[in-house]
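Each reported figure results from applying straightforward, stated rules to the coordinates on display, with no laboratory input. What you see is a predicted model; the values in this text were computed from it and never measured. Virtual Cβ from ideal backbone geometry, glycine too; neighbours counted across all protein chains shown.
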Amino acid sequence: MLAGFLPILPDIDIVKNIIFVTLDIMNIRQAKISDAQAIHALVSSYAELDKMLFLSMADIYENLQRFTIAEVDGRLAGCCALQIIWSDLAEIRSLAIDKSFIGKGIGKALVSMALEKAQTLGVKKVFTLTLEEGFFKKLGFKKVPKEQLPMKVWSDCAKCSKQDRCDESAMIYEAK
């Protein structure tokens with residue numbers, strides 16, 4: 001499933017016993033330069049709520065090759081980055097879904113793509129620091145003590161406004 005078109009979960013309308021199903025097609029693909037502004041806007045909308053780290057436009061451009069995006073009808077619906085940390089460890093970062101697409105399977109599709117990319121690269125373990133523990137648990141991640149992660153992971157914590165009162169959970173996925 002490296003990239004391609006997937007149906008998103010349908011909107012269903014029932015009018016006088018007739019069911020109308022609206023099925024949009026979601027395209028999952030590698031981010032391009034033309035996506036950078038939309039990725040920045042989406043990540044910033046979550047960063048403003050203290051739900052993820054802020055990324056400057058320079059950060060987005062420098063790390064664009066790490067991003068996978070989901071688009072629906074040509075509109076950015078979500079993004080996710082995969083960062084290699086070490087030979088056996090990668091991190092899922094900056095998973096952000098446009099609020100109008102939450103609950104449509106986009107987050108799951110993006111994380112699945114990141115896990116597939118990690119597997120293709122030969123990375124056996126993928127972790128995330130998240131406020132959405134239940135979401136990642138459904139995808140096979142297990143909660144681990146933050147101290148179990150290597151110190152390199154914590155370099156971003158210095159940029160976080162919540163570094164002294166971190167409310168994120170460390171979760172890890174181990175390929176079989």
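Values as computed for the structure displayed
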| item | result |
| --- | --- |
| Stokes-Einstein D in µm²/s, Kirkwood radius over Cα pairs - the range 52-95 at 25 °C with 0.890 mPa s viscosity | 213 µm²/s |
| Fewest-first sequence of I69, I25, I106 by Cβ atoms within 10 Å of each Cβ | I25, I69, I106 |
| Cβ-based exposure ranking for S45, S169, S56, S34, in which fewest neighbours within 10 Å come first | S34, S56, S45, S169 |
| Cut-off under 5 Å, modelled amide H: who pairs with A77 long-range | A70, E71, V72 |
| Fewest-first sequence of R66, R29 by Cβ atoms within 10 Å of each Cβ | R29, R66 |
